[in-house]
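One structure is given below, encoded as structure tokens.
Just so it is clear, none of the values below were taken in a lab; they were calculated from the coordinates. Please read these numbers as outputs of a predicted model, since none were measured by experiment. Every residue, glycine among them, receives a Cβ derived from its backbone with ideal geometry; neighbour counts consider all protein chains shown.
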Amino acid sequence: MEVNQQRLLDEFLELVQIDAATKDERLIADALKPKLEALGFSVTEDDTGAKIGGNTGNLIATLDGNKDAPALLFCAHMDRVEPGRGIKPVVEGGMVKSDGTTILASDDVAGIAAILEAVRVVQEQQIPHGRLEILFTVAEEGGLYGAKSLAPGMLQAEAGYFLDSGGPVGTIVVQAPAQKNVTVTIHGKAAHAGVAPEQGISAILVAAEALTKMKLGRIDAETTANFGVIQGGTATNIIPDRVDLKGEARSLVQEKLERQAEHMVEVIENTCAAHGVTADIVVGDSYGSFRLTEDDYVVKLAVQAAKALGLEPRLESTGGGSDANIINGYGVPSVILGMGYTNVHTTSEAIPVDQLNAAAQFVLQIIAES
């Protein structure tokens, strides 16, 4: 029960060279649909593209089972970060990398290729399986928009596997944080910066003071916070009367997340009050957390499959969010599997060929063990 390593590598190289970006996944979706249909899957494209201002929906593919076993979901996302167009992959020394001018897009084309190859072997070798569902999402990068727009009723799986994490194959991410987004507009008072600066109140300086008073970065082992976007001012000779900030807070513990968000709001409000200015503050939920244990079926099956392959299963927590956060929220217990790639989202991104092979073998073993 072995994957075809050359076919897997060739398909990975083919797919990374198809241009795709967040909300612009049309070309890769059009390449994936016939591949899935050739494997016997019924393929549906939902209306997510129209909902989010993109040109492509999520692909949901289903294959009826031929044995009594829990339905399984395998997921990867079709979009990639920039610079992700015109990728020219290079295979060298057992590694696949880009030519250095773009990312490689192993995040998440490696996941797509591994899923396709595993299912191909299942069909070729007539390996008994329960219902299989494949979800290729759009717009995962930067917002999980594809998963958020998916109709939960599209999925029937009892266990989900998301091929979208660093760490060597055998890594099983069982816990991820919830995230709140914090959007702030501080309203100062404009004045001529050279003629009458004392008549103005700089919204930028108020924001800077608030940020210096705020607990940001690593709050504790389970909680982080950050303001990553600050925009304000129109000219150097005008005291800025407005500044916009975008930030976030994350935690594995909901109570800690609530406290951190409240702290961020309180510091901004108190700082603005001290300077006699106002702020508009909006706090929203970006996604929920998930926490699974070794007693959950989805984890047990992955651990069993890893051991059968001679891999060392590593149950880990992450500080990042992914489509798995959303799908867990829809009631499908899901974990994230390590893919062995390195330096993702950079032009130094690479994946060892043996890790690509191991990822496909892992998916295949999960199906066979179910």
**Request:** Work out the length of the dipole vector of the chain about its Cα centre, built from +1 on the beta-carbon of each Lys and Arg and -1 on the beta-carbon of each Asp and Glu, and round it to the nearest 20 debye.
**Result:** 480 debye
**Distant-in-sequence amide H partners of ILE219 (H built 1.01 Å from N, under 5 Å)** = THR224, ALA225
**Ranking of ASP241, ASP296 by count of other Cβ atoms within 10 Å, fewest first** = ASP296, ASP241
**Complete:** Treating every alpha carbon of the chain as one equal point scatterer without solvent, the Debye formula yields log10 I(q)/I(0) values at q = 0.07, 0.09, 0.14 Å⁻¹ of -0.36, -0.57, -1.12
**Message:** What three numbers, in Å, describe the spread of the alpha carbons of region 1-131 along their principal axes, ordered from the longest?
**Reply:** 48, 43, 21
**Full-stretch length increase - ALA196, ARG7 - with 0.36 nm per residue and alpha-carbon distance subtracted** = 61.0 nm
**Item:** Those lysines that a straight Cα-Cα span of less than 16 Å connects to LYS148, excepting residues fewer than 8 apart in one chain
**Value:** LYS23, LYS51, LYS180
**Prompt:** Kirkwood hydrodynamic radius (Cα pairs, Å) of region 178-287?
**Reply:** 14.4 Å
**Request:** Compare the peptides 200-207, 63-70, 254-261, 104-111 by average per-residue count of other Cβ atoms within 10 angstrom and give them in order, highest first.
**Result:** 104-111, 200-207, 254-261, 63-70
**Request:** Alpha carbons only, please: Rg and Dmax for region 32-80, in angstrom.
**Result:** 12.9, 40
**Fill in**
The alpha-carbon center of region 147-186 and that of region 299-370 are separated, in whole Å, by 13 Å
**Message:** For ARG242, ARG250, which order do you get if you count the other beta carbons within 10 Å of each Cβ and list the fewest first?
**Reply:** ARG242, ARG250
**Item:** Relative contact order computed over the chain (Cα-Cα under 8 Å; 6+ residues apart), in percent
**Value:** 24 percent
**Message:** Just to be sure I follow: if Rg is taken over the C-alpha atoms of region 215-370 and Rh is the Kirkwood radius over the same atoms, what is Rg/Rh?
**Reply:** 1.12
**Message:** Considering all alpha-carbon pairs of region 99-154, what whole percent are spaced by more than 18 angstrom?
**Reply:** 53 percent
**Prompt:** If you rank VAL90, VAL344 by fewest surrounding Cβ atoms within 10 Å, what's the result?
**Reply:** VAL90, VAL344
